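Enquirer: Quick one: this structure, given as structure tokens, is what I'll be asking you about.
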Amino acid sequence: MTKDSGIPAAREPMSKQDTKLRVKNFDEVALGYSAHQAIKEASRCLQCEEPFCISGCPVNVDIPGFIELITEGDFEKAFYKIRETNGLPAICGRVCPQESQCEKLCVLGKRKEPVAIGRLERFVADYVLKKGTIKADDVAESNGQKVAIVGSGPAGLTTAWDLAKMGYKVTIFEGFHKPGGVLVYGIPEFRLPKAIVQQEIDSISRLGIQMKTNMVIGKVNTVDELLQNGFNAVFIGSGAGLPRFMHIPGENLNGVYSANEYLTRTNLMKAYLFPEYDTPIKSGPRVAVIGGGNVAMDSARTALRLGAEKVFNIYRRSRTEMPARVEEIENAQEEGIEFIFLSTPVRIIGDEEGWVKTIECVQMELGKPDRSGRRRPLPLLRSEYTIEVDTVIVAIGTDVNPIIPSTTTGLNRNQRGYIIASEATGQTSKQGVFAGGDIVTGSATVISAMGAGRKAALAIHKYLSDQRRKGR
Amino acid sequence: MAYISEKRELTPEIKQLVLSAPEIAQKVKPGQFVIVRCGEKGERIPLTVVEQDEEKGTLSIILQEVGNSTKKLGSLEKGEEITDIAGPLGNPSEVRNFGTVVCIGGGVGTAMVYPVAKALKGAGNRLVSIVGAKNRQLLILEEQMRKISDRLLVTTDDGSCGTHGFVTDALEKLIADGLNIDRVVAVGPVAMMSAVCRITEKQDIQTIVSLNPIMVDGTGMCGACRVTVAGETKFACIDGPEFDGHQVDFEELLRRQRMYLEEEKIALEKQNSE
Ligand SMILES: Cc1cc2nc3c(=O)[nH]c(=O)nc-3n(C[C@H](O)[C@H](O)[C@H](O)COP(=O)(O)OP(=O)(O)OC[C@H]3O[C@@H](n4cnc5c(N)ncnc54)[C@H](O)[C@@H]3O)c2cc1C
Ligand SMILES: Cc1cc2nc3c(=O)[nH]c(=O)nc-3n(C[C@H](O)[C@H](O)[C@H](O)COP(=O)(O)OP(=O)(O)OC[C@H]3O[C@@H](n4cnc5c(N)ncnc54)[C@H](O)[C@@H]3O)c2cc1C
Ligand code: FES
């Protein structure tokens, strides 16, 4: 008899909105577990004495701990167990790539399906959010020191939350009119409802954190000025930012969007509710999305919901190399997105008025592995073909936004322009300045940004404690 | 939030608002703009900062009511608030002593060229200004421009004020009269900026234009504002908004500005019906 005998091989399925209906609305696709399902799934956990799953979590949530509380039916306690180290569980339960983190290391996963940790996390978070009563966290006595956080994405929010709990006076400066970073402007409503994001942000900023929106640091104040004007330390969590284009002919035709613009118009500015909301979007009946990551999947699925009849996803490698989460690829497939692998656009052709009409692609084959370890796509001679489309969405990644790096003195950057910061502490080349999240790693994940934020908060605490000691 | 401390009607369609925005007022330089948003369902639109008062913590914007958002903004009264204002955005204008500078403003573009002209005058340039409008009623900032300029030329399309004709006619006249021009700064409708550039290119006079593509964030994040300059894609909000006019693809700019014509009409109809 092994330890896992008697445990169902398959995890408890989570119901989803019907495919036909969901492509016509922006409501959440995945519907979450019922209490009964959650307890059933939680009972699959082996409660390992030496749990590997925890080490797969960048913020080290006590996974077996919270799961055990679910089996006992104490969902609130389970929630606060997660919240010991994770301030955004309803968000993480929805968007984390658990399959490559905690769930990947789940011992049960060796022979059966791993425990659905993410779904359980989401369940307890939703349970408490629905009741509307997140207890305020304990806050240490104020130590009088001030920390400025630049950017209110997962990295900034996490750093702010941890520091506020340690007794620092924290101010978050956010360039947009709304906090949340990619959580509000990038990831679509149907995957991550904005009301939930707002609730979790509120639960964090309640700790006396001052949230200053519309503050583009580097423009209104520089990081140097923040340090001169009374902040004892600064954390930069400004994200990756600048959309990359393909630099092919026709890329500035009307109807060509960066995924950032397409998603920002839709999510942050609510263009899907135009004209109730003022911001418009032009999304045609035939849409081509270029790229193979989460951002491409989100754009393609958004296009459907904006009324597209046909959405093509054009990716230069094959399905195996797609960086998007498996679950999202499956969702996209279910919804009828047509995948075109091993293809890359070479030019976009417009009509007489300058609107996108066709996209010309060339077929690719996979050669030897490149630096990323994935096989390098190479164009096949004379394999050009065209597809009629009205809208093109370019989702091929981002570069560094220059505003902060170019206005901060003494901040070292790597060749690609990202801020160089210690992985263990977030310390940059500039004294008192720490950084983490996408601005250091390039586009990564919500949870890795949060992990970086936690480490930076600890390092900032250590740095400022030393200063206080010296000062006395 | 920014509170409106003053409102002036320059013409029935062009309004000046003085806003309390102390942090931005401290920082803004000629040529920079702000992004404002009116109401929780509002869109983000860019507007140039015309003047600021660091002590009072205010700045002034001048807007022409051309559509839904500018009309909403224009209907706000003194004492009311603008939901969001972010800035200063974009790069400041290059200000130094070039020698003789001709600053050209067309329509509401006069409001955008005014702060740059003033700074150029302050830097010791000889300043010749040309302001133009469709007619006398639409002419703005004439007095202010006169005050800072060594010489001011006014043109109206219908001849109701100043010389009958376009700002480009006045510019050609200056050139024909033998004025030695070291730099031209032109802000206004795309057609005007493009026409100015065609003239100055022949004379090899460096010409700076301030581009006004559609924007969303104004911080380099979306690429809505992309323009082609010297064959390369640039983001007007972080690489501009000022560019070497001789290198700009104006046709593309004009085309991209028209991307939402249909939606603009719908939004306006909705506003009118409310
Ligand atoms: C469409 C999309 C889908 C994604 N899906 C997933 C997913 O399913 N799972 C997952 O784990 N990850 C996903 N990611 C990646 C994930 O969202 C990011 O890795 C994560 O948000 C990075 O967090 P961050 O805090 O570093 O930066 P961001 O979330 O980018 O936040 C940075 C914030 O800083 C602000 N800012 C920038 N410059 C300034 C300035 N000068 N002054 C003031 N504020 C500034 C920005 O406005 C923004 O609010 C997705 C990303 C995108 C774009
Ligand atoms: C850097 C910059 C500075 C500007 N400064 C001024 C100024 O000082 N005074 C002034 O009156 N106008 C200025 N504009 C133009 C102003 O932003 C537009 O007139 C305004 O956005 C129109 O919005 P609307 O809803 O009223 O009109 P709409 O009916 O929506 O559009 C009318 C026209 O305005 C343009 N436009 C629409 N939406 C946007 C947008 N989000 N961003 C930019 N342009 C848009 C379009 O080309 C459209 O054809 C500036 C533009 C830029 C880019
Ligand atoms: S307005 Fe978004 S990048 Fe310029």
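The values are calculated or read from the model by the stated rules, or taken from the named source; none is laboratory data. The shown structure was predicted, so the numbers you read here are calculated from the model rather than taken from an experiment. All Cβ positions, even for glycine, are placed from backbone atoms using ideal geometry, and neighbour counts span all protein chains on display. Side chains included, ligands, DNA and RNA excluded: accessible areas come from the protein's heavy atoms. Shrake-Rupley method; radii C 1.70, N 1.55, O 1.52, S 1.80 Å.
Enquirer: Quick one: work out Rg over Rh on the C-alpha atoms of chain B, Rh as Kirkwood radius. Let's see the in-between values first.
Expert: Values: Rg = 17.9 Å, Rh = 18.9 Å.
Expressed as Rg/Rh, it is 0.95.
Enquirer: Show log10 I(q)/I(0) for the range A:1-105 at q = 0.15, 0.16, 0.21 Å⁻¹, two decimals, from a solvent-free Debye sum over equal Cα scatterers.
Expert: Relative scattering, expressed as log10 I(q)/I(0), comes to -0.72, -0.82, -1.29.
Enquirer: What FRET efficiency comes out for the pair B:Arg198/A:Ala9, r = Cβ-Cβ distance, R0 = 60 Å, nearest 0.05?
Expert: Details: r = 74 Å, r/R0 = 1.24.
That pair, B:Arg198 with A:Ala9, gives E of 0.20.
Enquirer: At q = 0.25, 0.26 Å⁻¹, what log₁₀ I(q)/I(0) does a Debye calculation on the Cα points of the range B:19-94 give, no solvent, two decimals?
Expert: So the normalised log intensities are -1.25, -1.32.
Enquirer: For B:260-271, what's the mean count of beta carbons from other chains sitting within 10 Å of each residue's beta carbon?
Expert: On the way: counts 6, 1, 2, 8, 1, 0, 3, 6, 1, 1, 4, 2.
For peptide B:260-271, the averaged partner shielding equals 3.
Enquirer: Run the 1.4 Å probe and let me know the accessible area of B:Arg258, rounded to the nearest 10 Å².
Expert: Its accessible surface works out to 130 Å², give or take rounding.
Enquirer: Taking only protein heavy atoms into account and a 1.4 Å probe, give the accessible area per residue of the protein assembly as shown in Å². Before the final figure, lay out each step's value.
Expert: On the way: 30840 Å² over 746 residues.
Per residue, the protein assembly as shown has an accessible area of 41 Å².
Enquirer: In percent, how large is the relative contact order of chain A, given Cα pairs closer than 8 Å and 6 or more residues apart? Present the calculation step by step, with values, prior to reporting the outcome.
Expert: Working: 988 pairs, mean separation 71.9, N = 472.
Once normalised by length, the contact order is 15 percent.
Enquirer: Chains A and B: what accessible area do they bury, summed, in square angstrom to the nearest 100, with a 1.4 Å probe? Write down the numbers at each step before the final one.
Expert: Working: alone 21250 and 13390 Å², together 30840 Å².
Buried area between the two chains comes out at roughly 3800 Å².
Enquirer: Determine the share of the range A:330-472's accessible area contributed by carbon and sulfur atoms, expressed in whole percent, with a 1.4 angstrom probe. Each step should come with its number before you reach the end.
Expert: Values: 3620 of 7450 Å².
Exposed carbon and sulfur together represent 49 percent of the surface.
Enquirer: Any idea what diffusion coefficient the range A:161-201 gets from Stokes-Einstein, in µm²/s, Kirkwood Rh on alpha carbon pairs, 25 °C, 0.890 mPa s? Walk me through the numbers on the way to the answer.
Expert: Working: Rh = 11.7 Å.
In µm²/s, the coefficient is 210.
Enquirer: Would you mind pulling out the separation of the Cα centroids of the range A:49-78 and the range A:3-22, in Å?
Expert: Cα centroid of the range A:49-78 versus Cα centroid of the range A:3-22: 20 Å apart.
Enquirer: How high is the relative contact order of the range B:1-141, in percent, counting Cα pairs under 8 Å that sit 6 or more residues apart?
Expert: Numbers: 311 pairs, mean separation 37.7, N = 141.
27 percent.
Enquirer: Within 10 Å of each candidate Cβ there may be at most 12 other Cβ atoms; applying that plus a DSSP loop requirement, which GluC sites (Glu not before Pro) in the range A:37-146 survive? Please report the intermediate quantities before stating the final value.
Expert: On the way: sites: A:Glu41, A:Glu49, A:Glu68, A:Glu72, A:Glu76, A:Glu84, A:Glu99, A:Glu103, A:Glu121, A:Glu141; in loops: A:Glu49, A:Glu72, A:Glu84, A:Glu141.
Loop-located and lightly packed - A:Glu49, A:Glu72, A:Glu141.
Enquirer: Taking R0 as 51 Å, what FRET efficiency do you get between A:Ile420 and B:Asp158 from their Cβ-Cβ distance, rounded to the nearest 0.05?
Expert: Details: r = 61 Å, r/R0 = 1.20.
My answer for the efficiency is 0.25.
Enquirer: Moving to a separate point now. With +1 on each Lys and Arg Cβ and -1 on each Asp and Glu Cβ, how big is the dipole of chain B about its Cα centre, in debye rounded to the nearest 20? Intermediate values should be presented prior to the final figure.
Expert: On the way: 32 positive and 40 negative charges, 74 e Å.
Here the size comes out at about 360 debye.
Enquirer: I need the phi-derived Karplus couplings for the range A:277-286: 6.51 cos²θ - 1.76 cosθ + 1.60, θ = phi - 60°, integer Hz, Gly and Pro marked x.
Expert: Per residue, the Karplus-derived 3J(HN,Hα) values read 9, 6, 7, x, 9, 10, 10, x, x, 10 Hz.
Enquirer: Please report, in Å, the Rg and the Dmax of the range B:26-67, where both are computed over Cα atoms only.
Expert: So, for the range B:26-67, Rg and Dmax equal 11.6, 33 Å respectively.
Enquirer: Moving on to the next point. Would you mind telling me the antiparallel percentage of the DSSP bridges in the range B:1-158, rounded to 5? Write out the running numbers ahead of the final one.
Expert: Numbers: 27 of 40 bridges.
The antiparallel proportion sits near 70 percent.
Enquirer: Just to confirm my numbers, what's the Cα centroid distance between the range A:107-138 and the range A:172-230 in Å?
Expert: Comparing the Cα centres of the range A:107-138 and the range A:172-230, I get a distance of 25 Å.
Enquirer: Something else about it: Which residues of the range A:242-256 show a drop of at least 30 Å² in accessible area when all protein chains are present, compared with their chain alone (probe radius 1.4 Å, heavy atoms only, ligands and nucleic acids excluded)?
Expert: Checking the loss per residue gives A:Leu242, A:Pro243, A:Phe245, A:Asn252, A:Asn254.
Enquirer: Just name one of A:Met14, A:Pro405, A:Asn331: the one whose Cα is farthest towards the positive end of the charge dipole of chain A (beta-carbon charges, Lys/Arg +1, Asp/Glu -1).
Expert: Sorting the options by dipole projection puts first A:Pro405.
Enquirer: Suppose we keep just the DSSP beta bridges with both residues in chain B; what percent of those would be antiparallel, to 5?
Expert: Details: 35 of 58 bridges.
Expressed as a percentage, antiparallel bridges in chain B total about 60.
Enquirer: Something else: What ranking do A:267-273, A:417-423 get when scored by the average of other Cβ atoms within 10 Å per residue, highest first?
Expert: A:267-273, A:417-423
Enquirer: Please give the average number of partner chain Cβ atoms lying within 10 Å of the Cβ of each residue in B:82-88, rounded to a whole number. If you can, show how the numbers build up before the last one.
Expert: On the way: counts 0, 2, 5, 2, 10, 5, 3.
Partner-chain Cβ atoms within 10 Å, mean over residues of B:82-88: 4.
Enquirer: Set Lys and Arg Cβ to +1 and Asp and Glu Cβ to -1, take the dipole of chain B about its Cα centre, and tell me which of B:Met112, B:Ser69, B:Val101 lies farthest positive.
Expert: Checking the options against the dipole of chain B, the answer is B:Val101.
Enquirer: Moving to a separate point now. Taking every DSSP beta bridge that has both residues in the protein assembly as shown, what percent is antiparallel when rounded to the nearest 5?
Expert: Values: 56 of 110 bridges.
Taking every DSSP beta bridge with both residues in the protein assembly as shown, the antiparallel ones total about 50 percent.
Enquirer: Roughly speaking, what is the centre-to-centre gap between the range A:405-472 and the range A:298-368 when only Cα atoms are used, to the nearest Å?
Expert: Comparing the Cα centres of the range A:405-472 and the range A:298-368, I get a distance of 36 Å.
Enquirer: Roughly speaking, what % of Cα-Cα pairs in the range A:160-297 are separated by over 23 Å, rounded to a whole number?
Expert: Cα-Cα pairs in the range A:160-297 separated by more than 23 Å: 47 percent.
Enquirer: About its Cα centre, how strong a charge dipole does the protein assembly as shown have in debye, to the nearest 20, once Lys and Arg get +1 and Asp and Glu get -1 at the Cβ? Before the final figure, lay out the partial values.
Expert: On the way: 92 positive and 95 negative charges, 338 e Å.
It works out to roughly 1620 debye.
Enquirer: Treating only the Cβ atoms of Lys and Arg (+1) and Asp and Glu (-1) as charged, compute the dipole magnitude of the range B:180-274 about its Cα centre; round to the nearest 20 debye.
Expert: Rounded to the nearest 20 debye, it is 140 debye.
Enquirer: Can you give the relative contact order of the range A:51-118 as a percent, counting alpha carbon pairs under 8 Å and 6+ residues apart? Intermediate results must be reported in sequence, preceding the final value.
Expert: Details: 73 pairs, mean separation 24.3, N = 68.
Relative CO of the range A:51-118 lands at 36 percent.
Enquirer: Considering all projection directions equally, how large on average is the shadow of the alpha-carbon convex hull of the range A:101-232, in square nanometres? Write down the numbers at each step before the final one.
Expert: Details: hull surface 40.8 nm².
Projected over every direction and averaged, the Cα hull of the range A:101-232 covers 10.2 nm².
Enquirer: Can you list the HN-Hα couplings for the range A:245-262, worked out from phi with the Karplus curve (6.51, -1.76, 1.60; θ = phi - 60°), rounded to whole Hz and with x for Gly and Pro?
Expert: 10, 8, 6, 10, x, x, 6, 9, 5, 5, x, 9, 10, 7, 4, 4, 5, 4
Enquirer: Right, next: Using only alpha-carbon positions, what ratio does the radius of gyration of the range B:170-274 give when scaled by 2.2 N^0.38 Å? If you can, show how the numbers build up before the last one.
Expert: Working: Rg = 16.5 Å, N = 105, 2.2 N^0.38 = 12.9 Å.
Its radius of gyration relative to the 2.2 N^0.38 Å reference: 1.28.
Enquirer: To continue, here is another question. Rank B:Met259, B:Leu174, A:Ser5 by how far each Cα sits towards the positive end of the charge dipole of the protein assembly as shown (+1 on Lys, Arg Cβ; -1 on Asp, Glu Cβ) and give me just the farthest.
Expert: Going by the charge dipole, the pick is A:Ser5.
Enquirer: Got a number for carbon plus sulfur as a percent of chain B's accessible area, 1.4 Å probe?
Expert: Details: 5300 of 11460 Å².
Exposed carbon and sulfur together represent 46 percent of the surface.
Enquirer: Show log10 I(q)/I(0) for the range A:260-409 at q = 0.14, 0.15, 0.17 Å⁻¹, two decimals, from a solvent-free Debye sum over equal Cα scatterers.
Expert: For the range A:260-409 at q = 0.14, 0.15, 0.17 Å⁻¹, log10 I(q)/I(0) is -0.75, -0.85, -1.03.
Enquirer: While we're here: Per the Kirkwood formula on distinct C-alpha pairs, the Rh of the range A:417-472 is how many angstrom?
Expert: Numbers: mean 1/r = 0.0862 Å⁻¹.
Evaluated on the range A:417-472, it is 11.6 Å.
Enquirer: What percentages, rounded to whole numbers, describe P(r) for chain A computed over all alpha carbon pairs with 10 Å bin width beginning at zero?
Expert: Each 10 Å bin holds this share of Cα pairs: 4, 19, 27, 26, 17, 5, 1, 0.
Enquirer: Considering only B:Gln247, B:Gln32, B:Gln203, give the residue with the highest GNM mean-square fluctuation for chain B, with springs between Cα atoms whenever their separation is below 10 Å.
Expert: B:Gln203
Enquirer: Report, as an integer, the average count of C-beta atoms from other chains found within 10 Å of each Cβ along A:271-284. Kindly include the intermediate steps, with their values, before the conclusion.
Expert: Values: counts 2, 0, 1, 7, 9, 2, 6, 16, 11, 11, 2, 4, 0, 0.
Counting Cβ atoms of other protein chains within 10 Å of each residue's Cβ and averaging gives 5.
Enquirer: Further question on the same structure: Across 5 Å bins from 0, what is the distribution of all Cα-Cα pair distances for the range A:280-361, in whole percents?
Expert: 3, 15, 26, 24, 18, 9, 3, 1, 0
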